[in-house]
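The values are calculated or read from the model by the stated rules, or taken from the named source; none is laboratory data. What you are looking at is a predicted structure, and each value in this text was computed from that prediction instead of being measured. Every residue, glycine as well, gets a Cβ built from its backbone with ideal geometry; the counts of neighbours run over all protein chains shown. Accessible surface is based on the protein model in full, side chains and every heavy atom, while ligands, DNA and RNA are left aside. Shrake-Rupley method; radii C 1.70, N 1.55, O 1.52, S 1.80 Å.
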Amino acid sequence: MIRRFATRLGGAGLGANLGANGFSQAINVLAQLVMVPLLATHWGLETYGIWLVLFTIPYWLGVGDFGLLGAGANDMTAAVAQGRQADAARTFRALGAMLAIIAPVILLAALFLASGPLASWTERAADASGDAAFLTVMLMVAYGLAGQQMALAQGGMRASGAYAKSVYWITAVTVLEVTALSVAVILGGSILHAAAVYCIGHIAGALGLRILLSRQAPFLRASGRVGIGAELRRLLRPALAMAIVPLCFALALHGPLVVLGAFAGAAAAPAFSAVRTLSRAAVQMTALVSTSAAPLFTVADAQGSRAARSRLAMLSVATAIAVLVPATLALSIFGPWFVALWTDGAITPDRQLAVLLAIAMLLHGLWLPLGNLIMAINRHELFTWTFLVLALAALALVALLAPTMGANGAAWAALLLDLAMLGWISLQTRRLGLLEGPLMQNFRQIFSGRAR
């Protein structure tokens, strides 16, 4: 039903993207629900903990391109929308050359760290991997490098208008990897076997997506001088701004728990974490729309279609309001009761904490869709550096309030952070004119009573 509604308002492209992203998120949630008890039961908590640490390696490699893949995907999409396929091909080749250069550097750095400064940690993982901890680490590094190649191919698919196809492909790879890992673990496999399964799956997935891309967008295979230096310098500013986005969210979402535990005691963190987890579920639902709209928004902006751009922005915000207003009321009223039921009485947050984080959820869910769309046109440096400063200021506020207010102090800091971000994003949205055009004029006429 939601997909049909999105198709009617935003076109078939938005409906397809929303369906693909919704399916992908459902598969990822299901995979977590299956894998956590399976791995913890068959491996034990210590080995499972080692695996979780190893699994952060691909994440850090994912941000190791300094935001160039994300900025490049936006740039290629805009170029194709304007009929500049040759420019898109040049950007694609430059990004591919960059990955080819940094891959051996990353491998050498991993070899040095695993056998040098991190050798003591590697030795602790030896038993869990069957005395093959070093090989396990290198397999996870290779998995991360394959992920970079997959991200580049997905950027090309997005530029050619096949974003939904790439999401379905990557989701299929995830299903195969999780299935193979489950079988390996049930048969007694160690974390070495798990790393091998994921590495092989990702390499095969990246190769398959490149084949799919070559059929979908043959113009990206055009030959010519790469000009890697000029291309990367051109993308450097938006890329650096994009590279700090994960850091900003890490500080805003996970940082308060660390500071809260340090200044109010570890007992204050679980209540804040439980209620925040509930609030994040609702925000992630609404973010699906803006994430799905982002490729189409890039095209609309590149083609100068203010009406299409305004329609997509308004749809993203309207969806957030429709979902988050009732979610805010539900979390405020039933949040403490639900958390107590969920944790079998182990965590019982007070009403004020639930209300504060519910309001923060609403504010966050209103600015996040607009932020995603601003990122889609590579103008995110208008807010990312401000986000970084505000996130750090919010952590300082947690440290100030936590000793006397506990978890409620962290909730006040989260609320003020999201309020400030909503104000700043709204200002940038107005400056860029993202919500201007015929659609907004019609809305103004309707609400002012002047519509015919």
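If Lys and Arg each add +1 and Asp and Glu each add -1, what is the summed charge of the other residues whose beta carbon sits under 15 Å from the beta carbon of Trp342?
That sum, taken over residues with Cβ under 15 Å, equals +1.
Between Leu207 and Ala26, what is the label-point separation in nm under the 7 Å Cα-to-beta-carbon projection?
Result: 3.2 nm between the two label points.
Using 7 Å Cα-to-Cβ label points, what is the Ala281/Ala267 separation (nm, one decimal)?
2.7 nm
So if each residue of separation counts as 0.36 nm, and I subtract the Cα-Cα distance between Val389 and Ser214, what length gain in nm does that give?
Stretched out fully, the Val389 to Ser214 stretch lengthens by 58.8 nm.
Tell me the Kirkwood radius of region 317-375: reciprocal of the mean inverse pair distance over distinct alpha-carbon atoms, in Å.
Radius from the Kirkwood sum: 12.3 Å.
If I histogram all Cα-Cα distances within region 161-273 using bins 10 Å wide from 0, what percent of pairs lands in each bin?
Taking all Cα pairs of region 161-273, the binned fractions are 11, 19, 25, 29, 13, 3, 0 percent.
Could you work out the pair-distance distribution P(r) of region 314-420 from its alpha-carbon pairs, with 5 angstrom bin width and percents rounded to whole numbers?
Answer for region 314-420: a P(r) of 2, 13, 16, 19, 18, 16, 10, 5, 2, 0 percent.
Give the span of region 278-345's Cα atoms along each principal axis, as three whole-Å numbers ordered largest to smallest.
The principal-axis extents, from largest down, are 55, 17, 8 Å.
Taking the solvent-accessible surface of protein heavy atoms with a 1.4 Å probe, what is the per residue accessible area of region 322-396 in Å²?
Here the residues of region 322-396 average 43 Å² of exposed surface.
Figure the gain on full extension for Arg351 and Ala307 (residue separation times 0.36 nm, minus the Cα-Cα span) and round it to one decimal in nm.
Contour length minus the Cα-Cα distance gives 11.5 nm.
Which residues in region 68-91 place their backbone N less than 17 Å from a point set 7 Å from the Cα of Ala100 along the Cα-to-Cβ direction?
Counting only backbone N, you get 89-91.
Run the quick spin-label model on Ile321 and Ala250: label points 7 Å from Cα toward the beta carbon, then report their separation in nm to one decimal.
Modelled inter-label distance: 3.6 nm.
Heavy atoms of the protein only, probe of 1.4 Å, neighbouring chains included. What is the accessible area of Leu427 in Å², nearest 10?
Its heavy atoms expose roughly 70 Å² to the probe.
Given Cβ point charges of +1 (Lys, Arg) and -1 (Asp, Glu) and nothing else, what value in debye, to the nearest 20, does the dipole of region 216-364 about its Cα centre take?
720 debye
Quick one: the Cα spread of region 198-349 along its three principal axes, in angstroms, biggest first?
If we take the Cα atoms of region 198-349, the spans are 64, 40, 32 Å.
Compute the semi-axes of the equivalent ellipsoid of region 170-221, taking the square root of 5 times each eigenvalue of the Cα gyration tensor, and list them largest first in whole Å.
29, 10, 5
For an R0 of 25 angstrom, estimate the FRET efficiency from the Cβ-Cβ distance between Leu107 and Leu52 and round to the nearest 0.05.
Once the sixth-power term is evaluated, E becomes 0.65.
Can you give the Kirkwood hydrodynamic radius for region 260-305, in Å, rounded to one decimal and based on Cα pairs?
Kirkwood hydrodynamic radius for region 260-305: 13.4 Å.
With a 1.4 Å probe and all protein chains in place, put Thr77, Thr343 in order of accessible area, largest first.
Reading off the accessible areas and sorting them downward yields Thr343, Thr77.
Give the ranking of Ile200, Ile106 by solvent-accessible surface, highest area first, calculated with a 1.4 Å probe.
Ile200, Ile106
Please provide three numbers in whole Å: the alpha-carbon extents of region 216-298 along the principal axes, with the largest listed first.
For region 216-298, the Cα spread along each principal axis is 61, 28, 17 Å.
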